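Data first, discussion second: the structure below is written as structure tokens.
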Amino acid sequence: MLSYKAPLMDIKFLFEDVFDYYGHYQKNPDFEEATPDLVDAIFQECAKFSENELLPLNQSGDQEGCTFDNGKVTTPKGFKEAYDQYVAGGWQSLSHPVDYGGQGLPPSMGMAKQEMMATANWSWAMYPGLSHGAMNTVHTHGSKEQKELYLTRLTEGTWTGTMCLTEPQCGTDLGQVKTKAVPNGDGTYNVTGTKIFISAGEHDLTENIIHIVLARLPDAPAGTRGISLFIVPKVQVDQQGNLGESNNVTCGSIEHKMGIKASATAVLNFDNSKGVLIGPENKGLECMFTFMNTARVGTALQGLCASELAYQNSLAYAKERLSMRSLTGKKNPELVADPIIVHPDVRKMLMTQKAIAEGGRAMIYYTSQLVDIVEQGQTEEERKIADDRLGFITPILKAFMTELGCESASHGMQIFGGHGYIQEWGMEQIVRDVRISTLYEGTTGIQALDLLGRKILLNRGKSLKNFAKEILVFCKDKSMVSSNPHKRGMNKFIWPLSKAVANWQQYSLRIALKAKKNRDVVGSASVDYLMYSGYVVMAYFWAQMAQAAYEKLATDVENRDFYRAKIKTAEFYFEMMLPRTKSLAATMMADPKSLMQLDQELLSF
């Protein structure tokens, strides 16, 4: 049986000591209610809901799965009751505008809430989670009337939302979208087509589902330039939000999947379904990126959630499971064998899980601050700087964290041994559930091309230069005795980090020069380049956490072991994980000819 305890102390450490969230909130009048006392109280209640209501449904939901019957989808036992409690508790409205019934608290608080709920039960959390992207899209691109009609119900949680992009023939290549939208002459459109892989596309949790749909207008240009975006409700609604007739949106089937079986992944058929245009004509893909970027950060969160859940359960098991004796002598002579946590190989896997979970949490919470600023920054310049930084770090965050989430889950199964492979303990479920995270919202390869191709090469490295400058300023400041009394302890982090950042910039330039002669260099290097970038970025945040821990230990703070553990985990990361960049550097700089020189005809079996 899976267990989970919300890591409230770790969250508080990031909020108070690493990122100064309360100073960040005080800069924005809209966030003035987010005081430490209020935030702590909300997080305590969120932890209780996650641990007591959602966790018990995790494995049972996986075993039961969703049921499909003639277009209707029934979620597993307990899911609707938990969702009703979620709505009654005001959780959906936590970080959304007061104008539409929200509580107006910062988006970053919503991310911490989402982490706890999603770690306890990822499949369940996907249902309300998809709504946030739909809400952000309507809020950013919708008309006043669309916001008033749809955002109020989505904010209170009585309706949910989806994103409908992919079709059977196109996958990630959305330029091949065939769904049509024909104007009715009254401001509405008849939308016809089939969408696949629609998470939360059909369920029994709410009375209506609001679909955000990519489709083509008549005579629209070919490719991505001819895609528009539409709001298409499952059930028709009038201007007062009253439900009417069915809108001819039917669920053709739900997918039989490797994991997240309690989350319905639907095939949706639109048959002259009434919708309204959101945003400008033929600019749908640009508008949809509001949704996609929200979803990509949310997908990165899945890597963190899988790591945290795998680590907590692996640690408890490793402390209790007895097998063999320590290589350095018996540690528990009164027992028939020592607990497996004494073995270096097991300890290495546990430390890797811990470093991934806590380092990934820091990366995501840093990004959450950027989201706060992008959405509600006080000046246009402030919002632009944050948006540039967010655009740069999002593909790294999404791909790197999901890949490491898979690694962490796999370590969990390995620590459990044969017991990890059977359903009872839940470890194989974590492996199955997290595997999709590297695929949806753009595969690791797609994210890597976005990072290296768009954010580095097309942008001439500007975003990298700005982010590297931030890291190097941190390194310079922490290496000066006058400004940092903990310089001696920090040297083991500062110098490797400074070198890694310098190499990151140099490798970027060398790849750019090689790509001018051979475009295949970009595709060959991109994934390794992204993972290299991820390890450097995570090193930056581990250095920040180590600095904050040193500062706390210099006071009479309680729970001193917590801060000592931060420093020791940072040391592990720098000694055992950051060196992975060396092999990544070798492979990303290798000539791609060995990839491409074998003719397709010879790629046979």
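The values are calculated or read from the model by the stated rules, or taken from the named source; none is laboratory data. Bear in mind that the values here come from a model prediction, so they are computed numbers and not experimental data. Positions of Cβ are generated from backbone atoms using ideal geometry, with glycine treated the same way; all protein chains shown enter the neighbour counts.
Residues to consider are Leu154, Leu214; find the one that is under 25 Å from Trp91 (Cβ atoms) and either under 30 Å from the mean Cα position of the chain (by Cα) or modelled with pLDDT under 95 (or both). Lay out the reasoning, then the answer.
Working: Leu214 fails: under 25 Å from Trp91 (Cβ atoms).
That would be Leu154, the only listed residue that is under 25 Å from Trp91 (Cβ atoms) and either under 30 Å from the mean Cα position of the chain (by Cα) or modelled with pLDDT under 95 (or both).
Quick check on my filter: what residues within the stretch 377-396 are buried (at least 18 other Cβ atoms within 10 Å of the Cβ) and of a type outside the set (Gly, Ala, Ser)?
First, the residues of the stretch 377-396 that are buried (at least 18 other Cβ atoms within 10 Å of the Cβ): 377, 386, 388-396.
Asp388, Arg389, Leu390, Phe392, Ile393, Thr394, Pro395, Ile396, listed by residue number.
On the phi < 0 side of the Ramachandran plot, modelled with pLDDT under 95 and in contact with a Leu (Cβ under 8 Å, 6 or more places away or on another chain): which single residue out of Asp599, Asp520, Asp591, Asp528 fits that description?
On the way: Asp599 fails: in contact with a Leu (Cβ under 8 Å, 6 or more places away or on another chain); Asp591 fails: in contact with a Leu (Cβ under 8 Å, 6 or more places away or on another chain); Asp528 fails: modelled with pLDDT under 95.
Answer to the check: Asp520.
Return a yes/no flag: does the stretch 567-575 have any residue that is in a helix (DSSP H, G or I), in the same structural domain as Ser508 (by TED's automatic domain parsing), at negative phi and of a type in the set (S, T, N, Q).
Taking the stretch 567-575 first, the residues in a helix (DSSP H, G or I) are 567-575.
Then drop every residue that is not in the same structural domain as Ser508 (by TED's automatic domain parsing), which leaves 567-575.
Of the ones still in play, those that are also at negative phi are 567-575.
Okay, now just the ones that are also of a type in the set (S, T, N, Q), so 569.
Yes, the stretch 567-575 has at least one match.
For the stretch 16-37, check the following and say yes or no: at least one residue is under 20 Å from the mean Cα position of the chain (by Cα), within 21 Å of Tyr366 (Cα to Cα) and not in a helix (DSSP H, G or I).
yes
Suppose the filter is of a type in the set (A, V, I, L, M), part of a helix (DSSP H, G or I) and over 20 Å from the mean Cα position of the chain (by Cα); does Ile385 pass it? Please lay out each step first, then the result.
Working: of a type in the set (A, V, I, L, M): yes; part of a helix (DSSP H, G or I): yes; over 20 Å from the mean Cα position of the chain (by Cα): yes.
In short, yes.
Does Gly102 fit the bill of being more than 26 Å from Lys261 (Cβ to Cβ) and not assigned by TED's automatic domain parsing to the domain that holds Met292? Step through it out loud before you land on a result.
Working: more than 26 Å from Lys261 (Cβ to Cβ): yes; not assigned by TED's automatic domain parsing to the domain that holds Met292: yes.
So Gly102 fits the description; yes.
Give just the number: which of (1) out of contact with any Gly (no Cβ under 7 Å at 6 or more places or on another chain); (2) in contact (Cβ under 8 Å) with a residue 60 or more places away in the chain; (3) among the basic types (Lys, Arg) does Lys465 not satisfy?
(2)
Which strands (runs of 3 or more DSSP E) sit wholly inside the stretch 183-266 and have at least 3 residues that are surrounded by fewer than 22 Cβ atoms within 10 Å (Cβ to Cβ) and of a type in the set (S, T, N, Q)?
Working: elements: 189-199, 208-215, 228-233, 235-237, 243-246, 249-254.
Ranges flagged: 189-199.
Looking only at the stretch 126-141, decide whether some residue is of a type in the set (S, T, N, Q) and more than 20 Å from Met163 (Cα to Cα). First the steps, then the outcome.
Taking the stretch 126-141 first, the residues of a type in the set (S, T, N, Q) are 131, 136-137, 140.
Keeping just the survivors that are more than 20 Å from Met163 (Cα to Cα) gives none.
No, the stretch 126-141 has no match at all.
Do we find that Glu115 is at negative phi, among the charged types (D, E, K, R), surrounded by 20 or more Cβ atoms within 10 Å (Cβ to Cβ) and within 24 Å of the chain's Cα centre (by Cα) in this structure?
Answer is yes for this residue.
List, please: which pairs have Cβ atoms under 9 Å, are six or more places apart or on different chains, and start with a residue in the stretch 488-511 that is without any contact (Cβ under 8 Å) to a residue 60 or more places away in the chain and farther than 13 Å from Tyr532 by Cα and end with one that is of a type in the set (A, V, I, L, M, F, W, C) and surrounded by 14 or more Cβ atoms within 10 Å (Cβ to Cβ)?
Once the first residue is without any contact (Cβ under 8 Å) to a residue 60 or more places away in the chain and farther than 13 Å from Tyr532 by Cα and sits in the stretch 488-511, its partners that are of a type in the set (A, V, I, L, M, F, W, C) and surrounded by 14 or more Cβ atoms within 10 Å (Cβ to Cβ) give Ile494/Phe474; Ile494/Cys475; Ile494/Ala543; Trp495/Cys475; Ser498/Ile471; Ser498/Leu472; Ser498/Cys475.
What's the number of the only condition in (1) in a helix (DSSP H, G or I); (2) farther than 19 Å from Thr162 by Cα; (3) of a type outside the set (Asp, Glu); (4) modelled with pLDDT under 95 that Asn313 fails to meet?
(4) is the only condition that Asn313 fails.
With the structure loaded, tell me whether Leu301 is in a loop (DSSP other than H, G, I, E, B) and among the aliphatic types (A, V, I, L, M) or whether it fails that test. Steps first, please.
Numbers: in a loop (DSSP other than H, G, I, E, B): no; among the aliphatic types (A, V, I, L, M): yes.
Spelling it out, it is not the case that Leu301 is in a loop (DSSP other than H, G, I, E, B) and among the aliphatic types (A, V, I, L, M).
Residue by residue through the stretch 52-76, note down the ones that are in a loop (DSSP other than H, G, I, E, B) and crowded, with 16+ Cβ neighbours inside 10 Å.
Looking only at the stretch 52-76, we keep the residues that are in a loop (DSSP other than H, G, I, E, B), and these are 55, 65-66, 70-71, 75-76.
Within the stretch 52-76, Leu55, Gly65, Cys66, Thr75, Pro76 qualify.
With respect to Thr379, determine if the residue is hydroxyl-bearing (Ser, Thr, Tyr), modelled with pLDDT of 95 or more and not assigned by TED's automatic domain parsing to the domain that holds Val527.
no
Among the numbered criteria (1) surrounded by 24 or more Cβ atoms within 10 Å (Cβ to Cβ); (2) under 23 Å from Ile198 (Cα atoms); (3) touching a residue at least 40 places away in the same chain (Cβ under 8 Å), which one does Gln146 miss?
(1)
Looking only at the stretch 260-279, how many residues end up being in contact with a Leu (Cβ under 6 Å, 6 or more places away or on another chain) and on the phi > 0 side of the Ramachandran plot?
Kept after step one, since they are in contact with a Leu (Cβ under 6 Å, 6 or more places away or on another chain), are these residues of the stretch 260-279: 278-279.
Now drop any that are not on the phi > 0 side of the Ramachandran plot, which leaves 279.
Of the residues in that region, 1 qualify.
In the stretch 268-315, which residues are of a type in the set (D, E, K, R) and either buried (at least 24 other Cβ atoms within 10 Å of the Cβ) or closer than 19 Å to Leu130 by Cα (or both)? Before the answer, list the steps.
Step one: list which residues in the stretch 268-315 are of a type in the set (D, E, K, R), which gives 271, 274, 281, 283, 286, 296, 308.
Scanning the stretch 268-315 gives Glu286, Arg296, Glu308.
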